[in-house]
Amino acid sequence: MKPTEGPEPGNHTLMTEFVLYGLSNHPELQRLLFFTFCLIYTITIIGNLLIFMVTVHPTLRTPMYFFLRVLSFLDISTASIVVPKMLVNFLSQDRSISYMGCATQLYCVIFLAATECYILAAMAYDRYMAICNPLRYAIIMNSRVCLSLVLLSCCSGNVVSVVQTAWVFTLPFCGPKNINYFFCDIPPLIRLSCTDTSLYEKQIIIATALVIFTPFCLILVSYACIISSILKISSVEGRHKTFSTCSSHLIAVTLYCGSVTLIYLRPKAIFSQDAKKFLPPYTSITPMLNPLIYSLRNKDVKEVLIRMMAELMKK
(Lines give C-alpha, C1' and ligand atoms only; values in the text may rest on other atoms or scores of the structure.)
Protein backbone atom coordinates (compact mmCIF):
# COMPACT_ATOMS: atom_id res chain seq x y z
CA MET A 1 0.00 0.00 0.00
CA LYS A 2 1.44 3.36 -1.05
CA PRO A 3 0.34 6.91 -0.20
CA THR A 4 -2.18 8.02 -2.80
CA GLU A 5 -2.01 11.14 -4.92
CA GLY A 6 -4.57 13.84 -5.42
CA PRO A 7 -6.73 13.73 -8.56
CA GLU A 8 -6.07 17.16 -10.00
CA PRO A 9 -3.72 17.14 -13.03
CA GLY A 10 -0.56 19.12 -12.43
CA ASN A 11 -1.29 19.51 -8.72
CA HIS A 12 -0.68 16.00 -7.36
CA THR A 13 0.21 15.86 -3.67
CA LEU A 14 1.16 12.78 -1.73
CA MET A 15 -1.15 11.90 1.16
CA THR A 16 1.58 11.01 3.68
CA GLU A 17 -0.39 11.51 6.89
CA PHE A 18 -3.83 11.99 8.41
CA VAL A 19 -5.06 14.09 11.32
CA LEU A 20 -7.28 12.54 13.98
CA TYR A 21 -9.95 14.93 15.25
CA GLY A 22 -10.53 12.85 18.39
CA LEU A 23 -13.66 12.94 20.53
CA SER A 24 -13.93 16.71 20.83
CA ASN A 25 -12.32 19.87 19.51
CA HIS A 26 -13.20 21.89 22.62
CA PRO A 27 -9.91 22.74 24.43
CA GLU A 28 -11.61 22.89 27.82
CA LEU A 29 -12.64 19.23 27.55
CA GLN A 30 -9.25 17.79 26.59
CA ARG A 31 -7.86 17.37 30.11
CA LEU A 32 -11.12 15.88 31.39
CA LEU A 33 -11.17 13.40 28.50
CA PHE A 34 -7.49 12.61 29.07
CA PHE A 35 -7.98 11.71 32.74
CA THR A 36 -11.20 9.80 31.99
CA PHE A 37 -9.65 7.59 29.33
CA CYS A 38 -6.41 7.28 31.27
CA LEU A 39 -8.46 5.82 34.13
CA ILE A 40 -10.36 3.55 31.72
CA TYR A 41 -7.11 2.30 30.18
CA THR A 42 -5.52 1.69 33.58
CA ILE A 43 -8.56 -0.32 34.77
CA THR A 44 -8.51 -2.24 31.47
CA ILE A 45 -4.86 -3.25 31.78
CA ILE A 46 -4.99 -4.10 35.50
CA GLY A 47 -8.33 -5.94 35.22
CA ASN A 48 -7.32 -8.08 32.24
CA LEU A 49 -3.87 -8.84 33.69
CA LEU A 50 -5.55 -10.00 36.91
CA ILE A 51 -7.89 -12.25 34.92
CA PHE A 52 -4.91 -13.57 32.98
CA MET A 53 -2.93 -14.33 36.17
CA VAL A 54 -5.89 -15.79 38.07
CA THR A 55 -6.87 -18.19 35.27
CA VAL A 56 -3.34 -19.63 35.19
CA HIS A 57 -3.99 -21.00 38.69
CA PRO A 58 -3.96 -24.86 38.73
CA THR A 59 -7.62 -25.03 39.83
CA LEU A 60 -8.72 -23.02 36.79
CA ARG A 61 -6.83 -24.84 34.03
CA THR A 62 -9.91 -25.75 32.03
CA PRO A 63 -10.87 -24.85 28.43
CA MET A 64 -13.29 -22.15 29.64
CA TYR A 65 -10.50 -20.25 31.42
CA PHE A 66 -8.06 -20.87 28.57
CA PHE A 67 -10.44 -19.00 26.25
CA LEU A 68 -10.89 -16.33 28.92
CA ARG A 69 -7.12 -15.75 28.97
CA VAL A 70 -7.16 -15.36 25.19
CA LEU A 71 -10.06 -12.90 25.48
CA SER A 72 -8.12 -10.87 28.08
CA PHE A 73 -5.08 -10.77 25.79
CA LEU A 74 -7.23 -9.54 22.89
CA ASP A 75 -8.83 -6.85 25.09
CA ILE A 76 -5.43 -5.58 26.29
CA SER A 77 -4.16 -5.50 22.71
CA THR A 78 -7.24 -3.71 21.35
CA ALA A 79 -7.12 -1.01 24.02
CA SER A 80 -3.35 -0.58 23.59
CA ILE A 81 -3.68 -0.08 19.83
CA VAL A 82 -6.17 2.80 20.21
CA VAL A 83 -6.11 4.44 23.66
CA PRO A 84 -2.42 5.52 24.08
CA LYS A 85 -2.49 7.45 20.80
CA MET A 86 -5.81 8.99 21.82
CA LEU A 87 -4.34 10.06 25.19
CA VAL A 88 -1.39 11.73 23.48
CA ASN A 89 -3.76 13.60 21.13
CA PHE A 90 -5.79 14.97 24.05
CA LEU A 91 -2.75 16.94 25.27
CA SER A 92 -0.99 17.64 21.96
CA GLN A 93 -1.58 20.14 19.20
CA ASP A 94 -0.15 17.69 16.69
CA ARG A 95 -2.77 14.96 16.14
CA SER A 96 -1.25 13.59 12.97
CA ILE A 97 -0.75 9.91 12.22
CA SER A 98 1.35 8.69 9.33
CA TYR A 99 -0.21 6.95 6.32
CA MET A 100 1.41 3.62 7.21
CA GLY A 101 0.67 4.16 10.90
CA CYS A 102 -3.00 4.63 10.06
CA ALA A 103 -3.04 1.51 7.88
CA THR A 104 -1.32 -0.50 10.64
CA GLN A 105 -3.77 0.72 13.28
CA LEU A 106 -6.75 -0.14 11.08
CA TYR A 107 -5.37 -3.61 10.34
CA CYS A 108 -4.74 -4.34 14.03
CA VAL A 109 -8.17 -3.10 15.19
CA ILE A 110 -10.04 -5.13 12.56
CA PHE A 111 -7.90 -8.22 13.21
CA LEU A 112 -8.45 -8.08 16.98
CA ALA A 113 -12.16 -7.25 16.70
CA ALA A 114 -12.90 -10.05 14.22
CA THR A 115 -10.80 -12.54 16.19
CA GLU A 116 -12.67 -11.65 19.39
CA CYS A 117 -16.01 -12.34 17.68
CA TYR A 118 -14.81 -15.82 16.74
CA ILE A 119 -13.32 -16.45 20.20
CA LEU A 120 -16.69 -15.60 21.76
CA ALA A 121 -18.23 -18.23 19.46
CA ALA A 122 -15.57 -20.76 20.54
CA MET A 123 -16.41 -20.00 24.18
CA ALA A 124 -20.10 -20.67 23.47
CA TYR A 125 -19.16 -24.01 21.88
CA ASP A 126 -17.11 -24.85 24.96
CA ARG A 127 -20.12 -24.15 27.23
CA TYR A 128 -22.31 -26.26 24.93
CA MET A 129 -19.95 -29.23 25.23
CA ALA A 130 -19.61 -28.81 29.00
CA ILE A 131 -23.38 -28.75 29.63
CA CYS A 132 -24.79 -30.92 26.84
CA ASN A 133 -22.00 -33.55 26.69
CA PRO A 134 -20.43 -33.52 30.18
CA LEU A 135 -19.18 -37.12 30.03
CA ARG A 136 -17.25 -36.54 26.80
CA TYR A 137 -16.28 -32.93 27.54
CA ALA A 138 -12.71 -33.59 28.71
CA ILE A 139 -12.03 -35.84 25.72
CA ILE A 140 -13.52 -33.54 23.07
CA MET A 141 -12.31 -30.19 24.46
CA ASN A 142 -8.68 -31.23 24.85
CA SER A 143 -5.76 -28.79 24.61
CA ARG A 144 -5.24 -29.52 20.92
CA VAL A 145 -8.86 -28.69 20.04
CA CYS A 146 -8.77 -25.49 22.13
CA LEU A 147 -5.55 -24.32 20.49
CA SER A 148 -6.96 -25.17 17.05
CA LEU A 149 -10.06 -23.06 17.73
CA VAL A 150 -7.89 -20.11 18.77
CA LEU A 151 -5.66 -20.45 15.69
CA LEU A 152 -8.70 -20.75 13.42
CA SER A 153 -10.15 -17.59 15.01
CA CYS A 154 -6.86 -15.73 14.46
CA CYS A 155 -6.58 -16.90 10.85
CA SER A 156 -10.17 -15.85 10.13
CA GLY A 157 -9.57 -12.48 11.76
CA ASN A 158 -6.39 -12.02 9.73
CA VAL A 159 -8.18 -12.76 6.43
CA VAL A 160 -10.94 -10.26 7.25
CA SER A 161 -8.41 -7.63 8.32
CA VAL A 162 -6.09 -8.00 5.32
CA VAL A 163 -8.98 -7.79 2.84
CA GLN A 164 -10.64 -4.79 4.51
CA THR A 165 -7.42 -2.84 5.09
CA ALA A 166 -6.12 -3.44 1.56
CA TRP A 167 -9.50 -2.46 0.13
CA VAL A 168 -9.69 0.82 2.07
CA PHE A 169 -6.13 1.91 1.29
CA THR A 170 -6.51 1.34 -2.45
CA LEU A 171 -9.07 4.18 -2.48
CA PRO A 172 -7.76 7.54 -3.72
CA PHE A 173 -7.45 10.00 -0.81
CA CYS A 174 -7.30 13.55 -2.11
CA GLY A 175 -8.04 15.61 0.96
CA PRO A 176 -8.91 16.93 3.36
CA LYS A 177 -6.78 14.64 5.50
CA ASN A 178 -8.76 15.13 8.73
CA ILE A 179 -10.31 11.94 10.16
CA ASN A 180 -13.40 12.79 12.19
CA TYR A 181 -12.79 10.03 14.73
CA PHE A 182 -10.38 9.05 17.51
CA PHE A 183 -8.65 6.26 15.55
CA CYS A 184 -8.26 5.12 11.94
CA ASP A 185 -11.51 3.33 11.16
CA ILE A 186 -13.18 2.40 7.88
CA PRO A 187 -16.27 4.71 7.87
CA PRO A 188 -14.39 7.99 8.55
CA LEU A 189 -11.57 6.97 6.20
CA ILE A 190 -13.75 6.32 3.17
CA ARG A 191 -15.32 9.74 3.65
CA LEU A 192 -11.94 11.21 2.68
CA SER A 193 -11.94 9.46 -0.69
CA CYS A 194 -12.53 11.50 -3.83
CA THR A 195 -14.47 8.71 -5.53
CA ASP A 196 -18.05 7.50 -5.16
CA THR A 197 -18.10 5.36 -1.99
CA SER A 198 -21.75 4.29 -1.91
CA LEU A 199 -20.81 0.78 -3.04
CA TYR A 200 -18.04 0.61 -0.46
CA GLU A 201 -20.41 1.69 2.32
CA LYS A 202 -22.74 -1.17 1.43
CA GLN A 203 -19.75 -3.50 1.47
CA ILE A 204 -18.93 -2.39 5.03
CA ILE A 205 -22.43 -3.33 6.18
CA ILE A 206 -22.26 -6.73 4.45
CA ALA A 207 -18.75 -7.51 5.77
CA THR A 208 -19.64 -6.41 9.31
CA ALA A 209 -22.85 -8.43 9.23
CA LEU A 210 -20.91 -11.54 8.17
CA VAL A 211 -18.18 -11.04 10.79
CA ILE A 212 -20.68 -10.38 13.59
CA PHE A 213 -23.67 -12.53 12.70
CA THR A 214 -21.83 -15.69 11.60
CA PRO A 215 -20.32 -16.27 15.07
CA PHE A 216 -23.44 -14.77 16.68
CA CYS A 217 -25.64 -17.37 14.95
CA LEU A 218 -23.29 -20.12 16.18
CA ILE A 219 -23.62 -18.68 19.68
CA LEU A 220 -27.41 -18.64 19.41
CA VAL A 221 -27.49 -22.28 18.27
CA SER A 222 -25.16 -23.28 21.13
CA TYR A 223 -27.29 -21.52 23.71
CA ALA A 224 -30.52 -22.92 22.28
CA CYS A 225 -29.11 -26.40 22.94
CA ILE A 226 -27.81 -25.29 26.35
CA ILE A 227 -31.18 -23.88 27.43
CA SER A 228 -32.89 -27.05 26.24
CA SER A 229 -30.53 -29.11 28.41
CA ILE A 230 -30.95 -26.79 31.40
CA LEU A 231 -34.74 -27.10 31.26
CA LYS A 232 -34.40 -30.86 31.57
CA ILE A 233 -32.67 -30.50 34.96
CA SER A 234 -35.21 -31.33 37.66
CA SER A 235 -33.97 -29.12 40.54
CA VAL A 236 -34.27 -25.33 40.47
CA GLU A 237 -30.90 -25.00 42.20
CA GLY A 238 -29.28 -27.18 39.55
CA ARG A 239 -30.76 -25.13 36.72
CA HIS A 240 -29.65 -21.89 38.37
CA LYS A 241 -26.09 -23.18 38.97
CA THR A 242 -25.76 -24.43 35.39
CA PHE A 243 -27.08 -21.24 33.82
CA SER A 244 -24.86 -19.07 36.06
CA THR A 245 -21.80 -20.57 34.34
CA CYS A 246 -23.06 -19.11 31.04
CA SER A 247 -24.43 -15.75 32.19
CA SER A 248 -21.09 -13.91 32.14
CA HIS A 249 -20.40 -15.03 28.59
CA LEU A 250 -23.90 -14.01 27.47
CA ILE A 251 -23.41 -10.52 28.93
CA ALA A 252 -20.00 -10.17 27.23
CA VAL A 253 -21.43 -11.30 23.86
CA THR A 254 -24.38 -8.90 24.11
CA LEU A 255 -22.13 -5.99 25.09
CA TYR A 256 -19.52 -6.60 22.39
CA CYS A 257 -21.79 -7.47 19.47
CA GLY A 258 -24.23 -4.73 20.48
CA SER A 259 -21.58 -2.00 20.49
CA VAL A 260 -20.14 -3.08 17.12
CA THR A 261 -23.64 -3.29 15.61
CA LEU A 262 -24.54 0.20 16.83
CA ILE A 263 -21.37 1.68 15.36
CA TYR A 264 -21.30 -0.05 11.96
CA LEU A 265 -24.80 -1.22 11.09
CA ARG A 266 -27.03 1.72 11.98
CA PRO A 267 -28.12 4.06 9.15
CA LYS A 268 -26.52 7.49 8.83
CA ALA A 269 -29.90 9.12 9.38
CA ILE A 270 -29.98 7.73 12.93
CA PHE A 271 -26.35 8.24 13.96
CA SER A 272 -24.00 10.82 12.45
CA GLN A 273 -20.25 10.28 12.64
CA ASP A 274 -20.09 12.74 15.56
CA ALA A 275 -22.79 10.82 17.43
CA LYS A 276 -21.02 7.48 16.84
CA LYS A 277 -18.00 8.77 18.76
CA PHE A 278 -19.97 8.56 21.98
CA LEU A 279 -21.55 5.16 21.45
CA PRO A 280 -20.05 2.44 23.71
CA PRO A 281 -16.69 1.86 21.95
CA TYR A 282 -15.54 -1.74 21.65
CA THR A 283 -11.95 -0.44 21.61
CA SER A 284 -11.95 0.97 25.16
CA ILE A 285 -15.16 0.52 27.21
CA THR A 286 -15.81 -3.16 26.40
CA PRO A 287 -12.22 -4.29 27.22
CA MET A 288 -12.58 -2.53 30.59
CA LEU A 289 -15.92 -4.17 31.42
CA ASN A 290 -15.07 -7.77 30.46
CA PRO A 291 -12.83 -8.43 33.52
CA LEU A 292 -15.53 -7.00 35.80
CA ILE A 293 -18.19 -9.17 34.17
CA TYR A 294 -16.17 -12.37 34.47
CA SER A 295 -14.72 -11.73 37.94
CA LEU A 296 -17.83 -10.38 39.69
CA ARG A 297 -20.14 -13.08 38.33
CA ASN A 298 -17.76 -16.04 38.55
CA LYS A 299 -17.45 -17.72 41.94
CA ASP A 300 -14.32 -19.70 41.04
CA VAL A 301 -12.47 -16.61 39.79
CA LYS A 302 -13.41 -14.65 42.91
CA GLU A 303 -12.27 -17.45 45.22
CA VAL A 304 -8.88 -17.80 43.50
CA LEU A 305 -8.41 -14.02 43.41
CA ILE A 306 -9.13 -13.74 47.15
CA ARG A 307 -6.78 -16.65 47.84
CA MET A 308 -3.98 -15.08 45.79
CA MET A 309 -4.44 -11.70 47.51
CA ALA A 310 -4.35 -13.39 50.93
CA GLU A 311 -1.09 -15.16 50.00
CA LEU A 312 0.45 -11.87 48.84
CA MET A 313 -0.55 -10.13 52.07
CA LYS A 314 1.11 -12.89 54.16
CA LYS A 315 4.37 -12.21 52.33
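The values are calculated or read from the model by the stated rules, or taken from the named source; none is laboratory data. Since the model is a prediction, treat every value here as computed from it, not as a measurement. Here the Cβ positions follow ideal geometry from the backbone for every residue, glycine too, while neighbour counts run over all protein chains shown. The accessibility values were calculated without ligands, DNA or RNA, using every heavy atom of the protein model including side chains. Shrake-Rupley method; radii C 1.70, N 1.55, O 1.52, S 1.80 Å.
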- [ ] Would you check if there is a residue in the stretch 46-61 being surrounded by fewer than 15 Cβ atoms within 10 Å (Cβ to Cβ), of a type outside the set (Asp, Glu) and at pLDDT 90 or above?
- [x] yes
Open item on the list: Between Ala122, Ala130, which is of a type in the set (Gly, Ala, Ser), surrounded by fewer than 22 Cβ atoms within 10 Å (Cβ to Cβ) and either free of Cβ contacts under 8 Å to residues at least 12 places away in the same chain or under 21 Å from Ser244 (Cβ atoms) (or both)?
Closed with: Ala130
Open item on the list: I'd like to know if the stretch 67-88 contains one or more residues that are within 23 Å of Phe216 (Cβ to Cβ), open to solvent by 40 Å² or more (accessible area, probe 1.4 Å), in contact with an Asp or Glu (Cβ under 9 Å, 6 or more places away or on another chain) and not small (Gly, Ala, Ser).
Closed with: no
- [ ] Output the residues belonging to the stretch 236-268 that are over 14 Å from the mean Cα position of the chain (by Cα), more than 16 Å from Ser222 (Cβ to Cβ) and polar (S, T, N, Q).
- [x] Ser244
TODO: Write out, first by first residue and then by second, each pair whose Cβ atoms fall under 6 Å of each other, whose residues are 6+ apart or on separate chains, and whose first residue, in the stretch 185-207, is under 23 Å from Tyr21 (Cα atoms) while the second is in a helix (DSSP H, G or I) and open to solvent by 50 Å² or more (accessible area, probe 1.4 Å).
DONE: Ile190/Tyr200
Task: Where a residue in the stretch 76-97 is among the basic types (Lys, Arg) and its partner, wherever it lies, is surrounded by fewer than 16 Cβ atoms within 10 Å (Cβ to Cβ) and not in a helix (DSSP H, G or I), with Cβ under 7 Å and at least six apart - done: Arg95/Val19
Task: Wholly enclosed helices (runs of 4 or more DSSP H) of the stretch 231-315 bearing at least 2 residues at pLDDT 75 or above and of a type in the set (Lys, Arg) - done: 299-314
Open item on the list: For the stretch 25-38, check the following and say yes or no: at least one residue is assigned to a strand (DSSP E or B) and at pLDDT 85 or above.
Closed with: no
- [ ] May I ask you to list pairs of residues, at least six apart or on different chains, whose Cβ atoms are under 6 Å apart, with the first in the stretch 43-59 being touching a residue at least 40 places away in the same chain (Cβ under 8 Å) and the second being open to solvent by 40 Å² or more (accessible area, probe 1.4 Å)?
- [x] Val54/Leu305; Thr55/Arg69
